[in-house]
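Before any comments, here is the structure.
The values are calculated or read from the model by the stated rules, or taken from the named source; none is laboratory data. These numbers were taken from a predicted model, which means no experiment stands behind them. Cβ placement follows ideal geometry from the backbone for every residue including glycine, while neighbour counts extend to all protein chains displayed.
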Amino acid sequence: MSSAPEALPGGTYFDHAATTPIKPTAMRVLTEVMPALSNPSSLHGSGRRARLAVDSAREQLARAAGAHPSEVIFTSGGTEADNLAVKGLYWQRRAQDPARRRILLPGIEHHAVLETAEWLETHEGAALGIVAVDAQGIVDLPALEATLAESADSVALVTVMWANNETGAIQPIPQIGELCARFGVPLHTDAVQVFGSLPPGTAPMSFRDSGAATLAISGHKIGAPVGIGALLVRRDVVLTPVLHGGGQERDIRSGTLDVAGICSFAAVAQELVASQEQESQRLAGLRDELLDAVVGLEGVTLRGPDPRTHPELRLPNNLHITVDDAEGDSLLFMLDMAGFDTATGSACTAGVPRPSHVLLAMGLSEEQSRGAQRFTLGWTTTERDVAALAAALPAVIAQARTAGMAAARR
Ligand SMILES: Cc1ncc(COP(=O)(O)O)c(C=O)c1O
C-alpha cells in the first residue's frame with residue numbers, strides 16, 4: 001500500500017491568511033459525504049440525493065453570507081471567483097455598450113483581481129483606472145466619486161477588495177456599493193479575507209447589504225478544504241461565463257459540482273459566522289498582545305490601520321510590520337529557523353523578492369517596503385504561541401539586520 005507523501009515538520013503557525021488548517025467540522029462532513037459521492041446532475045436516485053445535499057448546502061452558505069440561495073455560484077476558490085466576476089462583468093457590460101471599457105480599482109487588490117484586470121487590458125481592450133488609497137490603504141472615496149461623476153458612462157465595473165490580505169485594512173464596502181449604485185456601475189468585491197472574520201462589534205459580512213453585484217469567497221481561508229469557493233452574483237446581474245460546458249450553476253460556471261467540498265464549506269461557514277463575535281474578540285486580544293510586544297522595538301513600524309485607535313478598520317487576526325534595515329525574507333527565514341511560520345506578504349517572482357505592490361500603493365518607498373512581515377492568527381492560535389513569538393522577535397530582528405549588513409558588505 002502506498003503512503004501519503006511525508007509532510008514537512010511545521011512551525012508555530014502565523015500564516016492563517018494564506019490558508020488556515022482544516023477544521024474538525026469540515027473533516028467530519030467531508031468523510032460523511034465523500035463516500036456517497038455522485039454527480040448531482042445525474043437523474044438517478046443517488047444523483048438526486050447529491051443534488052439535495054448541494055441544495056441544502058447552498059441554503060446554508062447563503063444564510064451565512066447574507067445572500068439568496070440562487071445567488072451562490074460555486075467555484076474552485078477565490079481566484080476563479082475573482083476571474084469570473086471581473087471578466088464576466090467586463091465582457092457583459094462591454095457587449096451592452098462598447099464604450100464601457102474602464103475598470104476602476106485600487107492598486108492594493110489581490111493578484112487574482114489585479115492580474116485579471118491587466119490581462120483584460122492587454123488582450124481585451126480594457127483601460128485601467130487606479131483609485132487612490134490613503135497611507136493606511138483605505139480607498140479615497142471622494143476621488144472615486146469624482147472619477148465616477150466624470151466618466152461613469154465609460155466604466156465597465158469597479159472592483160475593490162473588502163479587506164486586504166497583507167495589511168488587514170477593511171474598506172467601507174457598503175458605502176462604495178452605494179456610490180457605484182448611484183452611478184449605475186456594478187461593483188465586484190473580493191471578500192476572501194473578511195468572510196466570518198470582521199472585527200468585534202461588527203455585524204457579519206452580508207452580501208445583501210454590501211451593494212456589490214458580485215462577491216468572492218474561498219473555503220480554505222475559513223477551515224474548509226482547498227479547491228472550493230463561491231462567487232455570489234446578485235439576481236439581476238448577468239455575467240459572461242469564463243468556463244463553457246454542461247451549464248451548471250445558472251450557466252455561469254460549468255463543471256461537475258464538488259459535493260463533498262460544497263457541503264463542508266457550507267458547514268464551516270455557518271459555524272464561523274455564528275462564532276464570529278467571540279472568536280474575533282479572542283483573536284483581536286491576541287493580536288494586540290503581539291502588537292504591544294513589537295511596536296516598542298526600535299525601527300519597527302505598524303503598517304495599515306492602527307487597531308488601538310481604529311479597531312473597526314483592521315481584520316482582528318492581522319498584524320503587519322516593516323522593520324528598518326532588514327529584508328522581509330531574512331526575517332521570514334530567521335523566524336522559520338526559530339520555529340515560526342510567517343509571511344512577507346509580498347510575492348516572490350522566480351525567487352526574486354519584490355517590494356509589496358500593496359505597500360507601494362500606500363505610498364511607501366521601495367526601501368521602506370523591504371522589511372515587511374505579516375503575522376496572521378487563526379482558530380489554532382493560542383496565548384502561548386503569541387507569547388513565544390513575542391519573546392523571539394527582538395533576537396530574530398537583530399539577526400536579520402546583521403544578515404543584511406553582512407550581505408551589503410559582500
Ligand atoms: C484577498 C484574496 N483574494 C483571493 C485569493 C485567492 O483565493 P484562492 O486561494 O482560494 O484561489 C486570496 C488568497 O490568497 C486572497 O487573500
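Summary table below
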read-out	value
Test set (1) surrounded by fewer than 24 Cβ atoms within 10 Å (Cβ to Cβ); (2) within 21 Å of the chain's Cα centre (by Cα); (3) among the aromatic types (Phe, Trp, Tyr) - Phe183 fails condition number	(2)
Helices (runs of 4 or more DSSP H) completely within the range 1-107 that count 1 or more residues being in contact with a strand residue (DSSP E or B) (Cβ under 6 Å, 6 or more places away or on another chain) and buried (at least 19 other Cβ atoms within 10 Å of the Cβ)	45-65, 78-96
Some residue of the range 200-219 being within 22 Å of Gln281 (Cβ to Cβ) and either touching a Ser or Thr at 6+ places or on another chain (Cβ under 7 Å) or not assigned by TED's automatic domain parsing to the domain that holds Val139 (or both)	yes
Residues (surrounded by fewer than 21 Cβ atoms within 10 Å (Cβ to Cβ) and assigned to a strand (DSSP E or B)) located in the range 126-178	Ala127, Leu128, Gly129, Ile130
One residue from Ala269, Ala224 being in contact with a Phe, Trp or Tyr (Cβ under 9 Å, 6 or more places away or on another chain), over 23 Å from Thr167 (Cβ atoms), at pLDDT 95 or above and in a helix (DSSP H, G or I)	Ala269
Residue match in the range 304-315 (condition: more than 24 Å from Gly196 (Cβ to Cβ), of a type in the set (Ser, Thr, Tyr) and in contact with a strand residue (DSSP E or B) (Cβ under 9 Å, 6 or more places away or on another chain))	no
Selection within the range 225-282 - surrounded by 18 or more Cβ atoms within 10 Å (Cβ to Cβ), of a type in the set (Ser, Thr, Tyr) and in the same structural domain as Asn39 (by TED's automatic domain parsing)	Ser264
